[in-house]
1. Answer with yes or no whether B:K56 is among the basic types (K, R), within 8 Å of DNA strand C (Cβ to nearest atom) and over 21 Å from B:N3 (Cα atoms).
2. Among the candidates A:L113, A:L149, which residue alone is surrounded by 15 or more Cβ atoms within 10 Å (Cβ to Cβ) and either within 13 Å of chain B (Cβ to nearest Cβ) or of a type in the set (S, T, N, Q) (or both)?
3. Could you check segment B:31-51 and list, in sequence order, the residues that are within 14 Å of DNA strand D (Cβ to nearest atom), surrounded by 14 or more Cβ atoms within 10 Å (Cβ to Cβ) and not charged (D, E, K, R)?
4. Are any of the residues in segment B:60-68 at pLDDT 95 or above, within 14 Å of another protein chain (Cβ to nearest Cβ) and surrounded by 15 or more Cβ atoms within 10 Å (Cβ to Cβ)?
5. Only one of A:G192, A:G179 is assigned to a loop (DSSP other than H, G, I, E, B), on the phi > 0 side of the Ramachandran plot, at pLDDT below 95 and not assigned by TED's automatic domain parsing to the domain that holds A:Y14; which?
6. Within segment A:8-26, which residues are surrounded by fewer than 17 Cβ atoms within 10 Å (Cβ to Cβ) and near DNA strand C (Cβ under 9 Å from one of its atoms)?
7. Starting from residues that are closer than 14 Å to B:E65 by Cα and free of Cβ contacts under 8 Å to residues at least 40 places away in the same chain, keep the ones in segment B:27-51 and report whichever is nearest to DNA strand C (Cβ to nearest atom).
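The values are calculated or read from the model by the stated rules, or taken from the named source; none is laboratory data. These numbers come from a predicted model, not from an experiment. For neighbour counting, all protein chains shown are included, and Cβ atoms are generated from backbone atoms with ideal geometry for every residue, glycine included.
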Protein chains: 2
Amino acid sequence: MDNVSQEDYLTAIYRNLDEAGEIKPNLLASKLEISNAAVTDMLRKLSRDGFVDYQKYKGIKLTGEGELYAKNMLRRHRIWEVFLHQTLGMPWDKVHDEAEKLEHSSSDEIINLLEEFLEYPEVDPHGYPIPDKNGKIKKSKTVVAITELNENDTAKVIRVNDDVKNLLSYVTKIGISLGKEIIVKDKLEYDGSVLMMIDRKEVNISNKIASNIFVEKIK
Amino acid sequence: MDNVSQEDYLTAIYRNLDEAGEIKPNLLASKLEISNAAVTDMLRKLSRDGFVDYQKYKGIKLTGEGELYAKNMLRRHRIWEVFLHQTLGMPWDKVHDEAEKLEHSSSDEIINLLEEFLEYPEVDPHGYPIPDKNGKIKKSKTVVAITELNENDTAKVIRVNDDVKNLLSYVTKIGISLGKEIIVKDKLEYDGSVLMMIDRKEVNISNKIASNIFVEKIK
DNA sequence: TTATATATTTAAGTTCGCTTAAATTTATAA
DNA sequence: TTATAAATTTAAGCGAACTTAAATATATAA
C-alpha cells in the first residue's frame, strides 16, 4: 500500500470498531479530525482496493486483508513504542505520537529486527498487546475499565488508553502507572466519577477517564 | 518545515553542491528523479521560505538556514544508519534506503536520544561524518578517491558513497569494506579503470566506481 | 406518523507535487 | 558570430487528500 493516509484510516477503523465489528463514518471522521466528506471519499478508495466492506449509509467493516493490514500497523506502532520507552527512555506519554510517525516509515524487516532486539515484548508501554508477524494477538488477562469496579474493590492497573489526547500525561500526574494498585473508595452516582486510593492518597477521576483505564481485579 | 518533499530537495542540494557551493536544476532533477519543471516549481517555494538563494537561470545556493536544515537531515539519516547497522545488524548496503524514510519521521529528540544510546558515533556505516546538534561536522582524515592513487600505492578504504544506486552491494561483492587495504597495480589510461589487489586477489574496477571509493594513503 | 435533528453523500473548489509540451534563455561548437 | 543544442522556465493539466456548502438519507422524539 505504502500510503500514509490509507494506513491511518485502516488503523483508526480497527482501533474503534464497535462490538459488531463496525464503525460509522462520523466517528471515524472525528477520530482522524477531518471532514465527513473526506471520509466518504477515502472509503470508496479503500473499498475499491479491497480493504473495507463499504456500502452507502451503512457501517464500515474491514475485510480480512484490511484487518491484517491494520494489525500490522498496530504491530509496528507498538514495537516502536517499546523501543522508544524501553531503549531510549522516552516517557510513556510521549511515545505514542512519535510512533505514529515512525510506523509509516519502517519496513517489516526493521520491525522484525527491532522485535528481536527488544526480546519479543508482549505489550507496549501502555499495556496493549503486540500482534505477531502473522497478525495473531495473544489473549491477555481479562481486564475491566475502572468504571466497572465496585466500592472497596482493589485492582491493579494493566492498561491505559494511549489514543486519547493528553490522557496519559494527566493520568501520570495523579500517580497512575502500569502495575499500580488502586482501591475504589466511592462511586458517585451523579456524574459517574470514581474516588480511589492511590499510594495512600485519595484521588477522584471523572467517568470518562475511568473508562479508559483498565485494571485487573485483585481477589 | 515538516515536509518530506522539501526536506528531500534540501538534502539532495547539499549532497551535490559543486566547489562553488552551487547546484544546477538539471542535476538536482536527475538526482531526485523528477522533471526539471518540478524542480523550478519547488525552488520558488524553497526560495520563498528562505531555504535557498534562487534566481532564474542561475545556480542554486543554500541559505544559512537551508544549510542548517540539510545538515540536520544528514545527521538524522546517518544516525539512523548507524542504529540499523550496528544495533539491528542490517547490512551496510541496505541501511541507506531505510534511513531515507526514517529521517523524515523522527523528531530531534529521538535523534538525540539515539545518538546517546549509540555512544556518539562519529561516522555512518559508509564512513561519512555525522553532524552534531549544531550542524558542526568534525574534520575527518584527508581522503582521496581511488582514481587519485598511483601505481603501487597502498591505501585503506575510509568511505564509500552510499548515494549511488547498487554501488554498495557491488563493492561488497568484490571484497571492499571499510578499513580494507588495497594496493593499486595498474591504471588504464584508456578508460580510467583501476586494477587493484584486495585480499591477495586482483580486481579491476571502472573509473566511475573508483571515483566513489575514498581511501587514506598509507605511506 | 410526522417533524426535526443528525449523519452521510454529492458537488464544487483548493493546494501540493508532480507531469508533458511549448516557449525562452543560456551554453557550445562550427 | 551565428547556428544549434541543452538547460530552464512557463503553461496547462492531473490525482490525491483535503475543504465547505448543499442535497439527501436515516434516526429520534413528539
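1. Yes, satisfied.
2. A:L113
3. Once the filter is applied, which keeps residues that are within 14 Å of DNA strand D (Cβ to nearest atom), surrounded by 14 or more Cβ atoms within 10 Å (Cβ to Cβ) and not charged (D, E, K, R), segment B:31-51 yields B:L32, B:I34, B:A38, B:V39, B:M42, B:L43, B:L46, B:S47.
4. Among the residues of segment B:60-68, not one is at pLDDT 95 or above, within 14 Å of another protein chain (Cβ to nearest Cβ) and surrounded by 15 or more Cβ atoms within 10 Å (Cβ to Cβ), which makes the answer no.
5. A:G192
6. Passing the criteria: A:K24, A:N26.
7. B:R48
For every residue, the table says whether it meets (1) more than 23 Å from A:M90 (Cβ to Cβ); (2) assigned by TED's automatic domain parsing to the domain that holds B:K173; (3) in contact with a Lys or Arg (Cβ under 9 Å, 6 or more places away or on another chain).
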| site | (1), (2), (3) |
| --- | --- |
| B:E22 | yes, no, yes |
| B:L32 | yes, no, no |
| B:A38 | yes, no, no |
| B:L43 | yes, no, no |
| B:D53 | yes, no, yes |
| B:H77 | no, no, no |
| B:T87 | no, no, no |
| B:E103 | no, no, yes |
